[in-house]
Amino acid sequence: MGIDSLLIPAVMFFALGVIAKLINSDLKFPEGMTKGISIYLLMAIGLKGGMALGKADFQLAIESIIWATIIGFILPIIGYGLLRFKDKINPFDAAAISAHYGSVSAATFLTAVAFLEMSGVTYESYPIVMMVIMESPAIIVGLMIAAFTRKRLAAKEGTQKVKTEWGPLLHEAFTNGSVVVLLGALIIGATASPESLSKVMPFTQDIFMGVLCLFLLDMGMEAAKKLDTLKKAGITLVAFGVIMPLIGGTLGIIIGGTMLGFSIGGTFLLAILSASASYIAVPPAMRYGVPESNPSYYLTLSLGVTFPFNVVIGIPLFYQMTIWYIGA
Amino acid sequence: MGIDSLLIPAVMFFALGVIAKLINSDLKFPEGMTKGISIYLLMAIGLKGGMALGKADFQLAIESIIWATIIGFILPIIGYGLLRFKDKINPFDAAAISAHYGSVSAATFLTAVAFLEMSGVTYESYPIVMMVIMESPAIIVGLMIAAFTRKRLAAKEGTQKVKTEWGPLLHEAFTNGSVVVLLGALIIGATASPESLSKVMPFTQDIFMGVLCLFLLDMGMEAAKKLDTLKKAGITLVAFGVIMPLIGGTLGIIIGGTMLGFSIGGTFLLAILSASASYIAVPPAMRYGVPESNPSYYLTLSLGVTFPFNVVIGIPLFYQMTIWYIGA
Amino acid sequence: MGIDSLLIPAVMFFALGVIAKLINSDLKFPEGMTKGISIYLLMAIGLKGGMALGKADFQLAIESIIWATIIGFILPIIGYGLLRFKDKINPFDAAAISAHYGSVSAATFLTAVAFLEMSGVTYESYPIVMMVIMESPAIIVGLMIAAFTRKRLAAKEGTQKVKTEWGPLLHEAFTNGSVVVLLGALIIGATASPESLSKVMPFTQDIFMGVLCLFLLDMGMEAAKKLDTLKKAGITLVAFGVIMPLIGGTLGIIIGGTMLGFSIGGTFLLAILSASASYIAVPPAMRYGVPESNPSYYLTLSLGVTFPFNVVIGIPLFYQMTIWYIGA
Amino acid sequence: MSTKMCTGKSIQIIINSTFENKLIHILKKNGLTGYTQLSARGDGSSGVQDGHSEGESNVMFIVLASNSATNTLMEQLNQYRNMGYHIFVYTHDAEVLNSDKIQICQ
Amino acid sequence: MSTKMCTGKSIQIIINSTFENKLIHILKKNGLTGYTQLSARGDGSSGVQDGHSEGESNVMFIVLASNSATNTLMEQLNQYRNMGYHIFVYTHDAEVLNSDKIQICQ
Amino acid sequence: MSTKMCTGKSIQIIINSTFENKLIHILKKNGLTGYTQLSARGDGSSGVQDGHSEGESNVMFIVLASNSATNTLMEQLNQYRNMGYHIFVYTHDAEVLNSDKIQICQ
Ligand SMILES: Nc1ncnc2c1ncn2[C@@H]1O[C@H](COP(=O)(O)O)[C@@H](O)[C@H]1O
Ligand SMILES: Nc1ncnc2c1ncn2[C@@H]1O[C@H](COP(=O)(O)O)[C@@H](O)[C@H]1O
Ligand SMILES: Nc1ncnc2c1ncn2[C@@H]1O[C@H](COP(=O)(O)O)[C@@H](O)[C@H]1O
Ligand code: NA
Ligand code: NA
Ligand code: NA
């Protein structure tokens, strides 16, 4: 299973994208194409989740939502602690970076779904709901830490304190485009009639895997572009980009397997969610809300280190760990 | 049937788009995506219509074309009369706005097609041809009214008269992109061999409904963006945006049911065509040809009032009216 | 078969595009759409070729690659000879133009594939590999001729000689985006498991023909846009744009039928490859590497003369010639 | 010792994209065969131009021209402005490297 | 005889696209209701902005304004700059054709 | 009391997009690490650049620099121009708010 998982087309197209950049090819997606594809992917996965959720257990859904919120709050706090250890990383950078790790990456999640489907493993719909929920809490944690830091520094230095503008930031945390499309499609998938949904499925189901390949080709190029900045980031940050998903993934397996009683497929997906780091919703929020932090760090880490780590190592690893933990 | 019709995915995605903007989400389609999708939709509907037309009655096709032209000329004149009633709206704005209502909205038409297909109701191919035809006449009527007004004002005020440039405007009326793709695909659908067309159908038929959902999501956002301007537009204009489709829809039912002898499906589609207002072909033509009018009014009305009115109320309403008129 | 071949939807959409521009329609694809579609087409054809290649003969594959390289070197030299005949075209323009004819046009190739599939004719996978290979050698020949010319002129005029920057140009010749996507998808198609590839096929196979139609619609518009410049180009160049594909196509039939022993389908595809002229990879390379040449000529010829010539006349002609040469 | 540059004007013209072809026509009639175009959005008295549909996009033209050619163009553009067209125009003094092929250095 | 134009400043502001709405808000508060926006990429101390994702794109705003309105805006933008926002601002002298509808000619 | 700004030049460079990386390289070699890029179309002696394919698109670079750095860059760009490259360059006087991080105020 281990190396096999790397030979699914989705992962191979990711590798192709990385190689394209490493050999300095001029391959480039036209502006807007990746964003268009990601709207499609979110819509498709949302509809799929919604259709499954329509037949799911209400109480377990609520419990999933609660645990998703808890994970979203805990992970950035753990991350912040790690980064501030021995005062290695300054508090603003630490706050902004760790916020990315409490949130999620839909592309990682979808690659994991592709992995399960290629292997014929079934999974529950709850992780899709959890993905929606986990977009937001981490942003709030990141902003709160930055606000406290700002207050403390202002008190110490006696300078005029910069007020955090909570309004627009909280708003952004809960209404960013990914959340809206995912949640909206989820509700539509759960409420529209099955016959009417079946007309939509050739678009949202049949061609899904192929579109994902195209998307991962571009993600590979983006990830590789970040490699340059890696040197500047330094060993501490790069190590963080590998250790943090290991912590998140382990936490996800425990919560999925024990607290929520998911099957192997569902537990594995929750592990991947927890292990993954955001690179769509959180970066703009941190740029706007924590302007004191250096933006080149967080994208480098989430896209250049953690995303490829999860796709290449995390997916087979967490799958094995889940089987071992739950006992196949 | 009434509320049911709102639960088809296409309409639900439209609602999602409206909500996204109402809660101020940053969801946004990349530049060009909507235009790309609409080229696809026009190509697909054109091919479909052409394939049906290949087997259709030639005389009825000619009659449909003649009636389409008549409707396209009559509706803007009715609209102009309504808007000029008691001199409420100035003649240039009235000319530009009413031109939109003689023309058609492909998205409204496609949502109506989706509604019929979900309900398993059959329909003739003639309305697709009529949609092509109805793009143009209203533009000419609008320009003619504006030209007359210009002449009258110049005579009254003795100022140097601004000459209307008919050439480029007539040209635009008959060769705009939507007309070319629709008409071209129609002819291709009617003349290419069925076997060769069957290779194209997975793209143009199977995934059609799904793509339409994506398109309506964006249309919902666009419609909601216009709500702000509604207040400035004033009650007269907003009322016009609701009354005009009722008049158009009724006219369409009478012509479709009595003059052309269409089935329930076909009559309903003609009602929707007549009720709908253009927001793609006509706005640039009016901007260029009637620069004296205020562009913020016409897009607000056609996209912000009439389009949602038709999708949410018009479609089930005209369907009931058609059944009642023809007698199921 | 002759006229029939023009009635396949792909060719008809190409004609529609030409007509759209001739009647000065404002139809226009949004920026980036064509590039996005062409990435998709290259990915799809690469996967398809790879899957076939997985089952193909290794030695014949190697031979194909060698012959592809030879064709790529010979054709631009023939072209240069023709253009320099009686010193008609200046050496820099001749070098840049002839380089386009040694390279290939994926859209022409795909239209030929569509033609074969509509006619139910089978073909080998080798020509797809040859398409990848033939992207590059011609660029190198073009650059070399230009470099020699530069040296000669500098010697004659005693001016300071401009050094050709080989590094970035050779690099571009071998790593341009089309080559990377095609070759990458080819390898993925040949190595990924058939089950995992079957999940990707609804996207890359089923909707392929439809997407190709959309692509050719835009290509038709682009080709027609070049017609204006044709007058400036003069009769010598236009004649070259027709004669050169005839030479290339004939060479392709001989090599495919005799040297490589391909079937009718495969031989025909190699003829089309040899007959086609690049308009994606080569123009930027010549712009950068041969700045002394006039860029408006080469795009006009490859896109405005040779591409439509091949689609409309070349495809049925070379098909007949292949049947006659091999004997059906 | 600095490279010789010659002085002229850079003319910036912002219009709705529906007028793009018309403006190109006007420029050509004035013998201004060189120009640069940028896709733009904006706001002003004719409402937000957010670039979503064709009728709601702006184009910004930049034309480098001699002082006298600039004056002539200004007069003509002013006429269109008086006819009701939304057209926004401003100029800067400019130094141009490419003295040879555009008619700037008299 | 040249068309009368009036003098003011063209203000160029380059910011990350996430601040787009905020800057529009600032402009409006200053009574600057007209502006032009261009999608931009770039490089500087906050790294390459290659336009790939929303957070890695720039926007270039161009605002034509009177000299005094320009001074006021500069002061405010400077404050944001001091707060840590990456904002790049420069101005040119400009001559504007549209004297009537923007508050340039006092 | 107006915010202190310092003077320099804004350099506008319009080139075919195939030269984008090369120009960035030239800028960097000159120590000009900040620049802004805009996607552009245009017309001129090398034909209409309508932005359709890669080889038919322009890029407009804007670089704010000190007067002396501008002179040096002009000389180098002029050399490329003499080699046959289509490159269109012009400058404006500019006042820059961000005196601290770019090498403008000497
Ligand atoms: N003061 C200004 N500064 C910069 N651009 C402006 C200004 N006023 C108007 N514009 C631009 O000109 C376009 C048309 O202006 P208007 O006719 O006022 O709607 C707007 O959409 C803006 O792009
Ligand atoms: N010297 C410069 N000339 C032109 N644009 C610049 C310059 N420096 C910075 N910029 C622009 O301002 C943005 C933000 O700059 P920075 O804050 O230095 O990252 C960059 O992404 C560039 O688009
Ligand atoms: N007079 C001009 N004003 C503004 N832009 C110009 C001018 N001349 C040329 N350009 C720009 O420079 C590019 C290259 O010019 P050329 O080398 O003349 O083809 C053109 O595509 C235009 O974008
Ligand atoms: Na996470
Ligand atoms: Na109508
Ligand atoms: Na060839």
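The values are calculated or read from the model by the stated rules, or taken from the named source; none is laboratory data. Keep in mind the model is a prediction, meaning the values are calculated, not measured. Here Cβ is always computed from backbone atoms with ideal geometry, including for glycine, and neighbour counts include all displayed protein chains. The protein model used for the area step is the full one, side chains on, heavy atoms only, and it has no ligands, DNA or RNA in it. Shrake-Rupley method; radii C 1.70, N 1.55, O 1.52, S 1.80 Å.
Across the options D:S17, D:I62, D:T33, the greatest Cα extent toward the positive end of the charge dipole of chain D (unit charges at beta carbon of Lys, Arg, Asp, Glu) belongs to D:T33. Roughly speaking, what is the centre-to-centre gap between segment B:256-328 and segment C:167-230 when only Cα atoms are used, to the nearest Å? Using only Cα atoms, the two centres lie 40 Å from each other. Placing +1 on the Cβ of every Lys and Arg and -1 on the Cβ of every Asp and Glu, with no other charges, gives segment F:26-96 a dipole of roughly 260 debye about its Cα centre. For the protein assembly as shown, the Cβ-based charge dipole about the Cα centre amounts to some 2760 debye (Lys, Arg positive; Asp, Glu negative; other atoms uncharged).
With each label modelled as a point 7 angstrom along the Cα→C-beta vector, the C:I254-C:S119 pair spans 2.2 nm. Please state the shape class of the protein assembly as shown: rounded when a/c is under 1.5, otherwise prolate if a/b exceeds b/c and oblate if not, all from the C-alpha gyration tensor. Since a/c stays below 1.5, the shape of the protein assembly as shown is classed as rounded.
Shortest first and in nm to one decimal, what separations exist between C:I77 and its copies in the other chains, measuring from label points 7 Å along the Cα-to-beta-carbon line? Result, one decimal in nm: 7.5, 7.5.
Residue by residue along E:81-93, Cβ atoms of other protein chains within 10 Å of the local Cβ number 6 on average. For segment A:219-302, the fraction of 1.4 Å probe accessible surface lying on carbon and sulfur atoms is 68 percent. For A:L246, the accessible surface of its heavy atoms amounts to roughly 70 Å² (probe 1.4 Å, protein chains only, rounded to the nearest 10).
Legend: residue pairs C:K86/C:K151; A:K199/C:K55; C:K35/C:K231; A:K156/E:K22, Cα-Cα distance threshold 26 Å; pairs beyond threshold, A:K199/C:K55; C:K35/C:K231; A:K156/E:K22. For the pair E:H25 and C:K156, a Förster radius of 56 Å applied to the C-beta separation gives a FRET efficiency near 0.30, rounded to the nearest 0.05. Interface of A with B. Using a 1.4 Å probe and counting protein heavy atoms only, the two chains hide about 2200 Å² of accessible surface, both sides summed.
The label point for F:E75 and the one for A:A239, both projected 7 Å from the Cα toward the Cβ, are 5.0 nm apart.
Placing dummy labels 7 Å off each Cα toward the beta-carbon, the span from C:I65 to C:F85 is 3.6 nm.
With the whole protein complex present, D:E75 retains an accessible surface near 70 Å², based on a 1.4 Å probe. Between chain E and chain F, roughly 2000 Å² of accessible surface gets buried, counting both sides and using a 1.4 Å probe. Distance distribution P(r), segment F:26-96, all Cα-Cα pairs, bin width 10 angstrom from 0: 16, 47, 32, 6 percent.
Taking all protein chains as shown and a probe of 1.4 angstrom, B:M12 keeps an accessible surface of around 30 Å².
Entry comment: accessible area of segment A:1-141 is 35 Å² per residue, from protein heavy atoms only and a probe of 1.4 Å. Taking a ≥ b ≥ c as the square roots of the eigenvalues of the alpha carbon gyration tensor, segment C:1-141 is oblate, as a/c is not under 1.5 and a/b does not beat b/c. Inter-copy label distances at D:K4, shortest first and taken from points set 7 Å along Cα to Cβ: 3.9, 3.9 nm.
For the protein assembly as shown, the residue among E:Y85, A:P91, B:F13 whose Cα projects farthest onto the positive side of the dipole built from Cβ charges is E:Y85. Association of chains D and B removes close to 1300 square angstrom of accessible area from solvent, both sides included, for a probe radius of 1.4 Å. Classified by the C-alpha gyration tensor, segment A:200-328 has an oblate form. Its axis ratio a/c, with a ≥ b ≥ c, is 1.5 or above, and a/b does not exceed b/c.
Here segment C:105-146 exposes an accessible surface that is 63 percent carbon and sulfur, computed with a 1.4 Å probe and the other protein chains kept in place.
Just to verify a number: FRET efficiency for B:D57 and A:I247, C-beta to C-beta distance, R0 = 51 Å, to 0.05? Here the calculated transfer efficiency is 0.10. Distances from C:K156 to itself in the other copies, using label points 7 Å out along the Cα-Cβ axis, amount to 7.4, 7.5 nm in increasing order.
Here segment B:1-114 is treated with +1 on each Lys and Arg Cβ and -1 on each Asp and Glu Cβ, and its dipole about the Cα centre works out to around 120 debye. With contributions of -39500 (n - 2.57) from each DSSP H run of at least four residues, the per-residue ellipticity at 222 nm computed over chain B stands at -23000 deg cm²/dmol. Only one residue of C:T236, B:G79, F:L97 has its Cα farthest out toward the positive end of the dipole of the protein assembly as shown, where Lys and Arg carry +1 and Asp and Glu -1 on Cβ, and that residue is F:L97.
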